[in-house]
Amino acid sequence: MGKSHLLLLSVVSALGMLAGTSASAQEIEIPEGYELVDSLVYIPAASVDTSLCGKNIFLELPSTARGNAADVKVHQSQGISTAMNVYFRTNSSRTVPGYRIRIFFDNRQTARAASEAALNRFAGRYRDIAAYRSYVNPYFKVTVGDFRTKSEAMQLLERIKGEFPAAFIVKENINYPVVDRDNPTVIDTVKVLRPLAETIL
């Protein structure tokens, strides 16, 4: 496939994803030589319970003024209320100490491309596990997973050590793990534009 086709695909894919959520196939003008097809997307599940996201729990308590059967009141000083509000605002970007698995660690001249290849290989195989690529002079690193305990990290290490024999567990700050470990991703279907088979170069 030529470079121009790849560029066009990236543009029309974005259009196609919008099409899946806001318009039907009949409302989209499909360029000549392309077709509109269903495509699966893997969306990471929420890492926190979003039902109260952005809300102050104390303002969500039952109240007869809002039509509830009873009132629940919490008596607290203004200092506690202010501290809680600051905590709610800053908590979403917080990291916690935990464990990840390092699947790539190298400083050779080919390390940049090799680290990207390792990241893509892992992400393609394990769509439900977060993967991170970083550069700390002089090393390129690829680290995967967000685990609160070493035993959780060991379970993944056992699964991947055949494909990544040099993998090892590292202790570092992690993002909050997903709430539902049994369903870490949500699969959805979107419409994307794709070149017809006979037009692919």
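List the residues whose amide H sits under 5 Å from the amide H of Asp106, counting only those 5 or more places along or on another chain, with H placed 1.01 Å from N in the peptide plane.
Phe140
Sort Ile129, Ile101 so that the residue with the fewest other Cβ atoms within 10 Å of its own Cβ comes first and the one with the most comes last.
Ile129, Ile101
Kindly put Arg100, Arg108 in sequence by how many other C-beta atoms sit within 10 Å of each C-beta, fewest to most.
Arg108, Arg100
Calculate one ³J(HN,Hα) per residue across the stretch 100-114 by plugging θ = phi - 60° into the Karplus curve 6.51 cos²θ - 1.76 cosθ + 1.60, and present them in order as whole Hz with x for glycine and proline.
Karplus values, whole Hz, x for Gly and Pro: 9, 10, 8, 9, 8, 7, 7, 10, 6, 4, 8, 5, 4, 5, 5.
Just so you know, all these numbers are worked out from the coordinates, no wet-lab data involved. A quick note: this is a predicted structure, and the numbers were derived from the prediction, not measured. Glycine also receives a Cβ, built like all others from the backbone with ideal geometry; neighbour counts cover every protein chain displayed.
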